[in-house]
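Structure first, then comments.
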Amino acid sequence: MASYVETRVPVDGVDTAVRTAGEGEPLVFFHGGGVVEGADCFLPLAERFTLVVPFHPGFGTSDSDPSITGIDGWVARYVEVLDQLGIGDVVLAGHSLGGWLAARFVLANPGRVRRLVLASPFGLEEPDHPVANLGAVAPEDVYGLLTRDDSIWEGKVPSPLTDAFLADRMREGQSIGQVAVGPFDPTLAPRLSGVDMPTLLAWGDDDRIVPIQHARHWEAALPNLEESKVYPGRGHLLFWEDPQSVQDVGDFLGA
């Protein structure tokens with residue numbers, strides 16, 4: 001199986017780490033609010049696409065950037081990164097926080113994304129089933145909420161949690177705090193009519209971070225939603241739990 005190669009793309013003196021694998025048209029993946037789980041689950045798609053997985057500012061080996069004060073800052077950063085990599089039009093997938101980012105990227109760059117996958121995306125309000133407040137959860141309990149499949153964390157989450165591991169998670173949390181100032185994006189829902197490319201919405205019905213009840217709001221707001229797929233018994237880390245969901249992404253984006 002293919003493996004990732006990491007490069008560093010400087011923008012205004014701040015490096016973004018980008019992992020790539022495979023050959024073919026570029027498939028960009030925007031990760032969610034953590035990178036502990038990695039992105040190896042997508043490597044089977046490297047036979048069909050060039051996988052492009054950037055780390056958001058403050059995540060993984062990407063530099064932090066205190067100058068960014070909103071999600072539009074991440075969008076602008078990725079426009080620069082893709083331009084420097086010589087990548088023009090793409091197919092795009094975003095998970096959780098990365099789903100919100102993907103939607104905002106599309107709205108800011110109409111015509112650059114040909115097909116779109118949103119998996120358990122953050123961003124819309126569901127008062128009766130709000131997103132989980134992970135800030136109120138003990139660090140050691142977070143991973144059980146993300147998925148019931150403990151094998152995902154083997155070799156990735158130390159037991160007990162180390163100071164270095166917790167420091168990395170705090171750095172990620174600080175970066176999220178720069179762009180997400182509340183439990184949803186109040187400007188997003190009326191703007192989603194601008195997401196006019198073919199779109200797949202994917203969700204696990206056991207998602208305890210962004211509950212499945214949020215799906216109906218996205219379904220109502222997306223004008224060119226081709227498919228809305230629900231995976232029984234799968235949690236927030238859908239792609240890591242269910243290889244079929246990854247193949248479904250490849251089939252949809254490669255159509």
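A few remarks follow.
- Relative contact order (percent, whole number), the chain, Cα cutoff 8 Å, 6+ residue spacing: 20 percent
- Span-rule helices in the chain, defined as complete DSSP H runs reaching 18 Å or more along the axis (Cα) with Kyte mean at least 0.5: none
- Residue of His31, His56, His217 that the Gaussian network model of the chain assigns the largest fluctuation, springs spanning Cα pairs under 10 Å: His217
- Computed helical MRE - 222 nm, the chain, DSSP H runs ≥ 4 contributing -39500 (n - 2.57), nearest 500: -8000 deg cm²/dmol
- Share of pairwise Cα separations in region 1-104, more than 19 Å, in percent: 38 percent
- The radius of gyration of the Cα set in region 5-253, together with its Dmax, comes out at 16.8, 47 angstrom.
- Basic side chains Lys and Arg get +1 at the Cβ, acidic Asp and Glu get -1 at the Cβ, and with that the dipole of region 5-253 about its Cα centre reaches some 400 debye.
- Counted by Cβ distance under 15 Å from Ser3, the other residues give a net charge of -3, where Lys and Arg count +1 and Asp and Glu count -1.
- Each peptide in 61-67, 92-98 gets a packing score, the mean of other Cβ atoms within 10 Å over its residues, and the list from highest to lowest is 92-98, 61-67.
- For Ser67, neighbours were defined as the other residues whose beta-carbon sits under 13 Å from its Cβ, and their charges (Lys and Arg +1, Asp and Glu -1) total -3.
Each reported figure results from applying straightforward, stated rules to the coordinates on display, with no laboratory input. Please read these numbers as outputs of a predicted model, since none were measured by experiment. Counting neighbours? That spans all protein chains shown, and the Cβs are built from the backbone with ideal geometry, glycine included.
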